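Here is the structure we will look at, set down as structure tokens.
The values are calculated or read from the model by the stated rules, or taken from the named source; none is laboratory data. Predicted model only: the values in this text are computed from it and were never measured. When we count neighbours, we look across all protein chains shown, and the Cβ atoms used for this are built from the backbone with ideal geometry, even at glycine. Just the protein is used for accessible areas: all its heavy atoms, side chains included, with ligands, DNA and RNA removed. Shrake-Rupley method; radii C 1.70, N 1.55, O 1.52, S 1.80 Å.
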Amino acid sequence: MKAAIVVFPGINRERDMAIALETCSGQKPRMVWHKETDLSGLDLVVIPGGFSYGDYLRCGAMAAQSPVMGAIRAHAARGGHILGVCNGFQILTEAGLLPGALLRNAGLRFLSMDCHLRVERADTAFTGHYQTGAVFRSPMAHGDGNYFADDGTLDRLEGENRVAFRYVTPAGETTAAANRNGSARNIAGIYSENLRVLGLMPHPEDLVDPLMGGTDGKPLFDGLVAALAA
Amino acid sequence: MAPQPNKRDVNQQLAREFGLSADEYARVLDIMGRTPSLTELGIFSVMWSEHCSYKSSRVWLKTLPTKAPWVIHGPGENAGVVDIGEGLAAIFKMESHNHPSFIEPYQGAATGVGGILRDVFTMGARPIANLNALRFGDPALARTKRIVDGVVRGIGGYGNCVGVPTVGGEINFHPSYNGNPLVNAMTVGIADKTKIFLSAAAGLGNPVVYVGSKTGRDGIHGATMASAEFGKDSEEKRPTVQVGDPFTEKLLIEACLELMATDAIVAIQDMGAAGLTSSSVEMAGKGGVGIELDLDQVPQRETHMTAYEMMLSESQERMLMVLRPDRQDVARAIFEKWDLDFAVIGVLTDTGRIVVKHQGEIEADIPLDPLAEQAPLYHRPTEETPKRAPLGEVADPVGLAAALETLIACPDLASRAWVWDQYDSTVGGQTVKRPGGADAAIVKIEGRKLALALTTDCTPRYVFADPEAGGAQAVAEAWRNITATGALPLAITDNMNFANPEKPLIMGQFAASIRGMSAACVALDFPVVSGNVSLYNETEGKPILPTPAIGGLGVLQDAAQAIGLGLAPGLDLVLVGTTKGWLGQSLWLREVAGREEGPPPPVDLAAERFNGDFVRGQILQGHVRACHDVSDGGLLVAVTEMALGGDTGANLLPGPAGVAAHAFWFGEDQGRYVLAVNDAAGVLQAAAFVGVPAIRIGTSGGAELTLPDGTPMSLDALRRANEHFFPAWMNATGQA
């Protein structure tokens, strides 16, 4: 699997992501500076978490105008796989590669804690190593993770089975208490129409080593390696 | 010098407004041989301020133990540096931002985090962890709630954005902090031990380079100067609260580390307190060279700034470097890549003077040696804090169960999850033990097994009652918290927060605390490698409790050996250390009996060392599944925290005869640990063999904490009580 991690100024979870990818694939990902414009020959492009441009203006808004975005759009148009986590998810929505927007958390405070995610479908390149309906634990850390879209868009996402993960209780129930940031319909992550672009707020890349408290996030990367290995 | 509009005459009156005494001003006149310019007076006043010169504390700080074979750089550099093995060095320091955090809690706390980060990465380290030590006033005051909210948001807002995990800290409440909260921030970084960057300038003709944010009028002269006294242009010169920009800081970290991988840098220092003045004076002074600055080249955020304003601005996220001339282009390219300002603003000279030029005029020309050597140094009078009368017998008014419910719900012991949940503690992917998971945070070094154990500690009510015992206790507790994870304690940073040093009783608190700290540092092989002093922490004549906050650092060869504090079922609980039932200054006495009396628990440093070394040995041999030190609230609170941490109950045995039950379970005797072990007999035998006091106090399991009198307490109920305070307080509508 040829993977690259795109680094915008202010991104800060690029090393976490590189560790997760290397742990699962055995290969170091290519680190791509946001002024580069050629992403050809890659299987997976990852936009990691952080505070690109300090979250000034709007989370992800400035990064979405960066030179590298043209190459990312071209990669998507070629049918390439893209994973956007946290700020990466925000950037993908700002760039129009995924629908909806991430608003300020409902409680208006930054939320850093473990959450539980339910896998809504296990037949994508990202979830092949989970079972449908499986619940896994993941750290999350964001101030603006409250997923919003109009009802028509939400209905369409659900109708097309494009919700990737939902915030749930450890038993798998979509309760309000499990949905700490107030996301519409407990949505934690969504796919593009071709299921090859995934955006999610939590950080499975920070839970791939038993020393750090567990390996719940590892199947996501193992699944990608299995699906995208040449 | 050409007269400039709106400039005040420099005289003793102005010197006084700048915080210089008559005697100090006379010394300025003597050094200069003439009346100084406004800019020169500004430079003298900030360099000779308490903050920069340590003029009241220096004589005492010099007595602290600062050496050990593993200490690479002790106090005197931007931060302390210790050898942690495998060719690596840990670089760390704690610093206060108390006054700004009272005026503007969010920005005060945020810029405190930013400042301490710069002290660490300026030495070549990538910051890998932030901690803090916070003290707030009475929670019943609406103002306290506003300050807590702002400080927590500010620490999170800055730390989360720069991507350095906030992994630990402590919070106390006491009315003495009503008008003067304490915000102490600590950063820990990791560097190649052969690539430590220092601040001593060298190389005649080498360029002096400014990088980072532009200079504005923020923070000029801190809070020492009343802006209105400048007359009509007061609006122009009003010092404003500094505003942090964590995004720029993140770029600055990456750009500096990228440049540090080359051989371009000769010397580097961040522009912290007193900004361009202290960085240029200290770099040139330490290097024994002269420096000439051309302020026309300084990147400026505002128009028509004067030399005085630029030299005294405390705009954030700026660094000063001396570069090799042939590497200037390499450096410029790196900073341009990161969209940061890069400007050559001066040159090193052989004059031994700092010369500041602006718009064709010489605005300052001061000899550096006298500026440093003749800086004031005070041996302020001290008065000992009277010893507290012994407490005597105290009856138990409520019983164990009711006291436990009261204690675990009180603001000083309530769950801090509401606070931690706003700090990103996992960014970096190396956080082995998150806040609350162990007595010290455990952060692994990327790509290695090696890990650091980090903690901040102080018990101000002990220090107030007996400054020497309290100073020793603060150091001992940091050592104990590191030990309880299995790590080997290496060194500390100290943040000395005290009230007005001109009062003998306060200076006496300071001196006695230093004595106590020194004794503990020596006994525990735990030297001081960096620190910060914050004096005059009082409002309307009301002093804060003396608060020598300690930041401790330890090392684990293998992160997998670290243990947490949460109980698992089916284990024996063993108490290590001697319990006499010391209730003086205990939280039980304050919260349950309503008294703040008696002497604090004494610290037997020999026993501390002995017990701790035994516990660490047992952990590293794999005999211990969980460990927690016994501190605030005593033994029963410690066991409850372990039960809640592991979501596992416990069944407790009665304590030994001869100690009243409430004194045994709530006394705050020092040097104690609770160990959860598979095999109590083996551990007790090992303890007996070396003469460490240890007894079995119960077993773990179930969903209840069963007290020694047979009272069952449900963990769910205990958890609700423990987790109630912060969310209820913060989410309450209207005024608290």
Can you give me the distance in nm between label points at A:Asp151 and A:Arg58, each placed 7 Å from the Cα along the Cα-to-Cβ direction? 2.3
Expressed per residue, the solvent accessible area of chain B in Å² (1.4 Å probe) is about 33
Return one quarter of the surface area of the convex hull spanned by the alpha-carbon atoms of the stretch B:469-578, equal to its mean projected area, in nm². 9.3
Relative contact order (%) - criterion: Cα under 8 Å, at least six apart; region: chain A: 21
Positive minus negative residues near B:Val120 (Lys, Arg vs Asp, Glu; Cβ under 15 Å): -2
FRET E, pair A:Glu22, B:Thr711, Förster distance 45 Å, beta-carbon r, rounded to 0.05: 0.30
Once you wrap a convex hull around the alpha carbon atoms of chain B, what is its projected area averaged over all directions, in nm²? 30.4
With the label point 7 Å along the Cα-to-beta-carbon line of B:Ala732 and a cut-off under 14 Å to each amide N, the hits in the stretch B:130-154 are B:138-146
Extension gain (nm, one decimal) between B:Lys387 and B:Ala142, 0.36 nm per residue minus Cα-Cα: 84.7 nm
For a quick check: with amide H placed at 1.01 Å from N, whose amide H comes under 5 Å from B:Val432's, ignoring anything fewer than 5 positions away on the same chain? B:Ile442, B:Val443, B:Lys444
Starting from the Cα of A:Leu108, move 7 Å in the Cα-to-Cβ direction to define the label point; list residues of the stretch B:146-163 whose amide nitrogen is under 11 Å from there. none
10 Å Cβ neighbours from other chains, averaged over peptide B:163-175: 1
Hey, can you grab everything whose amide H is under 5 Å from the amide H of B:Arg318? Only 5+ residues off in sequence or another chain; H modelled, so Pro and N-termini drop out. B:Ser213, B:Met271
Straight-line reach from B:Lys62: which lysines fall under 16 Å, measuring Cα to Cα and dropping same-chain residues less than 8 apart? none
Calculated log₁₀ intensity ratio I(q)/I(0) where the Debye formula runs over C-alpha points of the stretch B:1-122, q = 0.10, 0.20 Å⁻¹: -0.51, -1.13
Kirkwood hydrodynamic radius, computed over distinct alpha-carbon pairs, for the protein assembly as shown: how many Å, to one decimal? 29.3
Taking R0 as 30 Å, what's the FRET efficiency between B:Ala607 and B:Asn678 from their Cβ-Cβ distance, rounded to 0.05? 0.70
Please calculate the 1.4 Å probe accessible area of B:Asp341, with all protein chains present, and give it to the nearest 10 Å². 50
Principal axis dimensions, the stretch B:371-481 - Cα atoms, whole angstrom, descending: 62, 52, 25
Nearest-0.05 FRET efficiency for B:Lys449 and B:Arg34, computed from C-beta distance (R0 51 Å): 0.25
Centroid-to-centroid separation of the stretch B:588-661 and the stretch B:439-489 [C-alpha atoms, Å]: 15
Taking Cα pairs under 8 Å and at least six residues apart, what relative contact order does the stretch B:426-574 come out at, in percent? 34
Where does helix B:605-620 land angle-wise versus the long Cα axis of chain B, in degrees 0 to 90, nearest 10? 80
Once every Cα of the stretch B:581-717 carries one equal point scatterer and solvent is ignored, give the base-10 log of I(q)/I(0) from the Debye formula at q = 0.18 Å⁻¹, two decimals. -1.12
Using a Cα-Cα cut-off of under 19 Å, which lysines could be cross-linked to B:Lys542, ignoring same-chain neighbours fewer than 8 residues away? B:Lys503
Nearest-ten-degree value, helix B:680-690 long axis tilted from longest Cα axis of chain B: 70
Just to check, using Stokes-Einstein with a Kirkwood Rh over alpha carbon pairs, what's the diffusion coefficient of the stretch B:616-673 at 20 °C and 1.002 mPa s in µm²/s? 170
Just to confirm a number: summing +1 for Lys and Arg and -1 for Asp and Glu over residues other than B:Val683 whose beta-carbon lies under 15 angstrom from that of B:Val683, what do you get? +1
Cα gyration tensor shape for the stretch B:567-631, rounded if a/c is under 1.5, else prolate or oblate: oblate
Taking amide H positions as placed in the peptide plane 1.01 Å from N, state which residues far from A:Ala164 in sequence (5 or more) or on other chains have amide H under 5 Å from it. A:Gly189, A:Ile190, A:Tyr191
Using a 7 Å offset from Cα along Cα-Cβ at B:Ala660, what residues in the stretch B:575-593 end up with backbone N under 12 Å from the label point? B:581-584, B:589, B:593
Once all protein chains are kept in place, B:Arg515 shows an accessible area at probe 1.4 Å, nearest 10 Å², of 90
Looks like the stretch B:521-637, by Cα gyration tensor root eigenvalues a ≥ b ≥ c and the a/c under 1.5 rounded cutoff (else prolate when a/b is bigger than b/c, oblate otherwise), is oblate
Could you work out the helix-only [θ] at 222 nm for chain B, with each DSSP H run of four or more residues adding -39,500 (n - 2.57) and the total divided by the number of residues, to the nearest 500 deg cm²/dmol? -10500 deg cm²/dmol
Can you give the log10 of the normalised intensity I(q)/I(0) at q = 0.11, 0.12 Å⁻¹, computed with Debye over equal Cα scatterers of the stretch A:111-230? -0.34, -0.40
Order of exposure, largest accessible area first, which applies to B:Thr385, B:Thr431 with probe 1.4 Å: B:Thr385, B:Thr431
Over the whole of B:415-423, what's the average partner chain Cβ count within 10 Å per residue? Rounded to a whole number, please. 2
Ignoring the sites themselves, what is the longest stretch of chain B with no GluC sites (Glu not before Pro) in a DSSP loop and at most 16 other beta-carbon atoms within 10 Å? B:87-301
I need the shape label for chain A. Rule: rounded when a/c is under 1.5, else prolate if a/b > b/c, else oblate, with a, b, c from the alpha carbon gyration tensor. rounded
Among the lysines, which fall within straight-line cross-link reach of A:Lys35, defined as a Cα-Cα distance under 21 Å, with same-chain neighbours fewer than 8 residues apart omitted? A:Lys2, B:Lys250, B:Lys337
Which angle between 0 and 90 degrees, to the nearest 10, do you get for helix B:467-483 versus the longest principal axis of chain B when only C-alpha atoms count? 70
Extension gain from B:Leu204 to B:His724, taking 0.36 nm per residue of separation minus the Cα-Cα distance: 180.9 nm
